[in-house]
Amino acid sequence: MKIINPLYDKAFKYLMENNKFAKKVLSVILDVEVEEVSLENQETVLPSDMRRLTLFRLDFKAVIKEVDGSKKTVLIELQKSKFPTDIQRFRNYLGANYMAKPKEKNLAEERPYEYQTAYPIIAIYILGYPLDDLPYMAVTVNRDITNSVSKEKIHVKSFFIEHLTHQSHIIQIRRLPEERRTRLENFLVLFNQAWCTEEAYILDLQDIPEEFSEMAKYLQGPLMDEEFRRKLEAEEEIDIIFDEQEAKYLKKIAEAEKREQEALKTKQEAEKREQLEKSQKEEERKQKQALAIKLATYMKLNGASAEEIGKETGLSPEKIIGL
């Protein structure tokens with residue numbers, strides 16, 4: 001079955017704008033039951049020295065059901081990137097959600113501003129590239145609360161901790177294993193880049209887990225939409241341009257680093273030669289001094305005057321007297 005590649009921003013947005021599938025995707029990734037979900041902000045374009053492209057982000061407000069049966073409203077910050085990008089941009093997005101936005105009230109009231117209700121934040125990062133220092137397909141970074149005195153883990157529910165720390169989920173699409181055992185791995189089959197066709201924005205699924213067959217069929221629909229395909233093609237063209245520009249940029253960096261290393265090596269070699277020359281001169285001076293003393297001692301033993309010895313050896317009168 002051929003589907004649009006959900007690693008592409010346009011395709012992923014199409015999937016997540018479907019409330020039914022958005023709940024299912026978030027439930028699988030978070031490994032909890034998501035009962036309600038509403039899409040908030042859309043993707044945002046960030047300025048960059050290298051490009052002005054979309055770093056894909058979707059914000060959801062969701063009601064999740066926890067293991068103990070309680071329900072909690074959370075903000076889900078989902079970011080997706082096909083390329084290794086500056087982590088600072090991920091931090092900027094996350095920071096924006098921590099900033100409370102003031103809501104104006106009647107200025108005649110005692111408190112002119114009221115801050116909106118804050119919700120705990122859960123961050124999801126879907127990466128289209130592998131992280132060298134994280135050799136796992138998916139990891140969950142959760143909050144552990146430790147008593148700083150006894151060093152024991154404690155289990156408490158704290159409003160302060162809930163709202164000022166956050167849980168994170170990091171997924172590396174290109175680390176999907178061939179053998180799939182979990183629900184998450186089965187879901188990520190829909191992202192399997194090994195099944196890219198000649199048109200990279202189309203995947204030719206060779207194996208579709210039954211649970212996600214309806215989702216796959218939904219992703220098949222836009223292939224018949226000419227305008228949708230053109231937008232995917234445009235996104236791919238932009239990616240190709242970025243790849244080429246990035247390659248040139250990285251080449252320039254590598255060349256600059258090589259020149260810097262060569263300059264440093266030349267400088268180190270020059271300093272080494274200078275040090276060697278100094279050592280050789282010092283050694284020659286010591287040898288010359290030793291020969292002069294030896295000759296002066298011989299001349300003194302044979303009755304030569306200090307003046308004669310000094311003239312012959314260059315030693316000072318004090319040095320000659322001390323022999």
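A short reminder: the numbers here are calculations on the coordinates, not readings from a lab. All values derive from a computational prediction rather than experimental measurement. Backbone-built Cβ (ideal geometry, glycine too); neighbour counts: all protein chains shown.
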Per-residue Cβ contact counts at 10 Å, fewest first, order H166, H155 as H155, H166
For H169, the residues 5 or more places away or on another chain with a placed amide H closer than 5 Å to its own amide H are A123, I124, Y125, V141
Checking region 169-256 for trypsin sites (Lys or Arg not before Pro) in a loop per DSSP with at most 15 other beta-carbon atoms within 10 Å yields R181
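Can you put T165, T146 in order, fewest other beta carbons within 10 Å first?
On the way: T165 13, T146 10.
Least crowded to most crowded, the residues run T146, T165.
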